[in-house]
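Here the structure is laid out as structure tokens; the discussion comes afterwards.
The values are calculated or read from the model by the stated rules, or taken from the named source; none is laboratory data. All values reported here derive from a predicted model rather than from experimental measurement. Ideal geometry is used to build each Cβ from the backbone, glycine not excepted, and the neighbour counts take in all protein chains shown.
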Amino acid sequence: MADTASTKTSEPTGASGGESAGQALSRRSTGAAELQESRGVTTIQDSVVAKIAGLAAREVAGVVSLGGATASAIGGVMGRLRGSEHSTAGVGVEVGERQAAIDIALKVEYPARLHEVASSVRENVIDRIETMTGLEVVEVNVAVLDLSFPGDEEEDAGSQRVE
Amino acid sequence: MTLTTAAAEIAAAAAEIAAAATGLPTVARLYHGAVGEIATYGGGRRVGGVRIRPDSPLQIDVHIVARYGRPLPEIATSVRTEIAHRLRDRGPALVDAVINVHIADMEDPQVPT
């Protein structure tokens, strides 16, 4: 379903909907997704959603690291980083009623095809978030902030498709 | 339904709840809060990560750090089920309690870089 990230979906409002039976996610002021079940509520902190997104992005071949050199500079834009833990650096999440929007900043290995890496990241993040949290991902915005070149050794992601 | 259980009994129930949750392979540990503020006190002891609120029905809050792997709603459900199972003989107030599972954090699958 949510394959594309091109459409900007309006931020879901958290008001009402929480009382409907079954599984309804509603936004609380605590920065956590809330899942109402028959015998209690399940909340998932936004930082957990961000962590899952970060792990999913890092798995993609060609992704060297998250955040890039200027991650802190755009940190304000990416926003919603609760407790800037290392594993959620470069990841911003916005979790609403049943849905989530993700922003990810990447450093990609040169000469990977950036659009392919980006769409792989998008696919993997959507798959992982939807499986792990039950949230529907409405958009994944991928920003390639930096390139890594062979030679400046970092956590190299191994071989990469080269034409 | 009113809560008439003494503080020591509440703490004992909280300990049982904590044991139930941490006994699950999908739960890494309980989350005690940034400064350890999430806790139940009673009978001279402190049980971190669990709060029991005297409401009607009784509200149990369990704060967990999940292990990476299983879907989080599934982990929450198993926590809820396990706690309910452990509390089944502890009186009607606890049996009817609402169990809220808060996934505060998730452990990384590998050593954090």
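Which residue, of A:VAL48, A:VAL108, is among the β-branched types (Val, Ile, Thr) and either farther than 22 Å from A:ALA33 by Cα or at pLDDT below 90 (or both)? First the steps, then the outcome.
Details: A:VAL48 fails: either farther than 22 Å from A:ALA33 by Cα or at pLDDT below 90 (or both).
Every option except A:VAL108 fails the conditions.
Can you find even one residue in the stretch B:13-27 that is among the hydroxyl-bearing types (Ser, Thr, Tyr), at negative phi, more than 9 Å from chain A (Cβ to nearest Cβ) and under 11 Å from the mean Cα position of the chain (by Cα)? Show your work before the answer.
Residues of the stretch B:13-27 that are among the hydroxyl-bearing types (Ser, Thr, Tyr), as a first pass: B:22, B:26.
Narrowing the set further to residues that are at negative phi leaves B:22, B:26.
The next check asks that each one be more than 9 Å from chain A (Cβ to nearest Cβ); those that pass are B:22, B:26.
After this cut, where a residue has to be under 11 Å from the mean Cα position of the chain (by Cα) as well, the list is B:22.
Yes; the residues of the stretch B:13-27 include at least one that is among the hydroxyl-bearing types (Ser, Thr, Tyr), at negative phi, more than 9 Å from chain A (Cβ to nearest Cβ) and under 11 Å from the mean Cα position of the chain (by Cα).
Take the residues in the stretch B:52-81 that are surrounded by fewer than 20 Cβ atoms within 10 Å (Cβ to Cβ) and charged (D, E, K, R); name whichever of them is nearest to A:ASP127 (Cα to Cα).
It comes out as B:ARG70.
Every residue in the stretch A:71-101 that is among the polar types (S, T, N, Q) and either at pLDDT below 55 or within 16 Å of A:MET132 (Cα to Cα) (or both), please. Break it down stepwise before answering.
Going residue by residue through the stretch A:71-101, those that are among the polar types (S, T, N, Q) are A:72, A:84, A:87-88, A:99.
Correct list: A:SER72, A:SER84, A:GLN99.
Within the stretch A:107-129, which residues are surrounded by fewer than 17 Cβ atoms within 10 Å (Cβ to Cβ) and acidic (Asp, Glu)?
Listed by number, the residues that qualify are A:GLU116, A:GLU123, A:ASP127.
Please tell me if B:THR77 is among the polar types (S, T, N, Q) and in contact with a helix residue (DSSP H, G or I) (Cβ under 8 Å, 6 or more places away or on another chain). Break it down into steps so the answer makes sense when it comes.
Values: among the polar types (S, T, N, Q): yes; in contact with a helix residue (DSSP H, G or I) (Cβ under 8 Å, 6 or more places away or on another chain): no.
Criteria not met by B:THR77.
This table checks each residue for (1) in a loop (DSSP other than H, G, I, E, B); (2) facing chain A (nearest Cβ under 9 Å); (3) free of Cβ contacts under 8 Å to residues at least 24 places away in the same chain; (4) hydroxyl-bearing (Ser, Thr, Tyr).
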site	(1), (2), (3), (4)
B:SER78	no, no, no, yes
B:ALA84	no, yes, yes, no
B:ASP89	yes, no, yes, no
B:ALA93	no, no, no, no
B:ILE99	no, yes, no, no
B:ASP105	no, yes, no, no
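Answer yes if at least one residue in the stretch B:39-56 is closer than 24 Å to A:ALA32 by Cα, within 11 Å of another protein chain (Cβ to nearest Cβ) and modelled with pLDDT of 95 or more, and no otherwise.
Checked the stretch B:39-56: no residue is closer than 24 Å to A:ALA32 by Cα, within 11 Å of another protein chain (Cβ to nearest Cβ) and modelled with pLDDT of 95 or more.
Please identify the pairs in which a residue from the stretch B:62-76 that is facing chain A (nearest Cβ under 7 Å) has its Cβ atom under 9 Å from the Cβ atom of a residue that is part of a loop (DSSP other than H, G, I, E, B), counting only partners at least 6 apart or on another chain.
Cβ pairs passing all conditions: B:PRO71/A:GLY134; B:LEU72/A:GLY134; B:PRO73/A:GLN23; B:PRO73/A:GLY134.
From the list B:ARG45, B:ARG67, B:ARG88, exactly one residue is among the basic types (Lys, Arg) and touching an Asp or Glu at 6+ places or on another chain (Cβ under 9 Å). Which is it? It would help to see each step written out before you state the result.
Working: B:ARG45 fails: touching an Asp or Glu at 6+ places or on another chain (Cβ under 9 Å); B:ARG88 fails: touching an Asp or Glu at 6+ places or on another chain (Cβ under 9 Å).
Exactly one of B:ARG45, B:ARG67, B:ARG88 is among the basic types (Lys, Arg) and touching an Asp or Glu at 6+ places or on another chain (Cβ under 9 Å), namely B:ARG67.
Name every residue in the stretch B:30-47 that is part of a strand (DSSP E or B) and surrounded by fewer than 17 Cβ atoms within 10 Å (Cβ to Cβ), in order of residue number.
Step one: filter the stretch B:30-47 for residues part of a strand (DSSP E or B), giving B:30, B:39-42, B:45-47.
Matches in the stretch B:30-47: B:TYR41, B:ARG45, B:ARG46.
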